[in-house]
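Asks: Here's a structure for you.
Every number in this text was worked out from the coordinates using simple rules, so none of it is lab data. Quick caveat: nothing in here was measured; it's all calculated off a predicted structure. Please note: Cβ atoms are built from the backbone with ideal geometry, for glycine as well, and neighbour counts cover all protein chains shown.
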Ligand code: PEP
């Protein structure tokens, strides 16, 4: 059975004090007593180090929200994946729809970042998902196929073993609209079939596919109960302990210690 994974994407939110308080509260509540559930937080770059200190020894893992496709060098304003590893990150979120839509990130760039992050020793949460217009035009599967093929170009089976896919329908991110359990399961099952045909059945079966898009306490369990939904990437509801903890608890109920 795949381990459930609940990751909080704080986006460009919190200050040091509020971020550390959130991480400290989470660390206190998320002990290692539920080996079937993995929990990570992804704060903004400046707070990675203090958050790393706050979660040290708790089992909560640390991720960043982006990294450069380049190795260290003359790239003003960029952050190299090796630097993220150096401050305690295990994870980096890549291909998030906000980066695709607001910063023009293409599948080719996401693939380059993914390769660089993996080479540095990070694991990757790779986001894919369709817009509302694409869904309404019955293009969801085709969009997912294109994003998966492009974002995983050049990534071999060993690389995929260190990648978690996050299905995040763009129309559900930060909107309060959530995919129905049927919509989520259908997209996840499609993604797993894609992985089986591009890699192999065993690897496809082992790969975690998270759902993201307005996950909250009220819908987390029913989504994560779906056979092909292996956890959640949580934005807005990861910013308050009272919102995020019930999502973690829902995962823990599904994978009791
Ligand atoms: C996200 O940004 O990855 C996300 C899923 O956001 P939200 O939970 O706020 O929809």
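Asks: From the alpha carbon gyration tensor of the chain, can you work out the equivalent ellipsoid semi-axes (sqrt of 5 times each eigenvalue) and give them in Å, largest to smallest? Show your work: numbers first, answer last.
Replies: Details: eigenvalues 121, 103, 60 Å².
For the chain, the semi-axes come out at 25, 23, 17 Å.
Asks: With springs only between Cα atoms under 10 Å apart, run a GNM on the chain and tell me which of 150, 77, 104 wobbles the most.
Replies: Its mean-square fluctuation being the largest, the pick is 77.
Asks: Rounded to the nearest 0.05, what FRET efficiency is calculated for residue 221 and residue 76 with R0 set to 41 Å and r the Cβ-Cβ distance? Before the final figure, lay out the partial values.
Replies: Details: r = 45 Å, r/R0 = 1.10.
According to the calculation, E is roughly 0.35.
Asks: Can I ask one more? Residue 15 versus residue 119, label points 7 Å from Cα toward the beta carbon: distance in nm?
Replies: About 4.0 nm separates the two model spin labels.
Asks: So what is the relative contact order for the chain, in percent, with contacts set as C-alpha pairs under 8 Å and at least six apart? Don't skip to the end; give the middle numbers.
Replies: On the way: 515 pairs, mean separation 55.6, N = 257.
With pairs under 8 Å counted, the relative contact order is 22 percent.
Asks: For q values of 0.10, 0.11, 0.15 Å⁻¹, compute log₁₀ I(q)/I(0) with the Debye formula on a Cα-only model of the range 158-250, without solvent.
Replies: Listed by q, the Debye log ratios stand at -0.26, -0.31, -0.55.
Asks: Which number do you get for Rg(Cα) / (2.2 N^0.38 Å) in the range 63-162? Present the calculation step by step, with values, prior to reporting the outcome.
Replies: Numbers: Rg = 13.9 Å, N = 100, 2.2 N^0.38 = 12.7 Å.
Cα Rg divided by the expected 2.2 N^0.38 Å: 1.10.
Asks: Take every Cα-Cα distance within the range 170-216, group them into 5 Å bins from 0 onward, and report for each bin the whole-number percent of pairs it holds.
Replies: For the range 170-216, the pair-distance distribution reads 5, 22, 24, 19, 14, 11, 5, 0.
Asks: Could you list 222, 151, 58 so that the one with the fewest beta carbons within 10 Å of its beta carbon is first and the one with the most is last? Write out the running numbers ahead of the final one.
Replies: Details: 222 14, 151 27, 58 17.
Going from sparsest to densest Cβ surroundings: 222, 58, 151.
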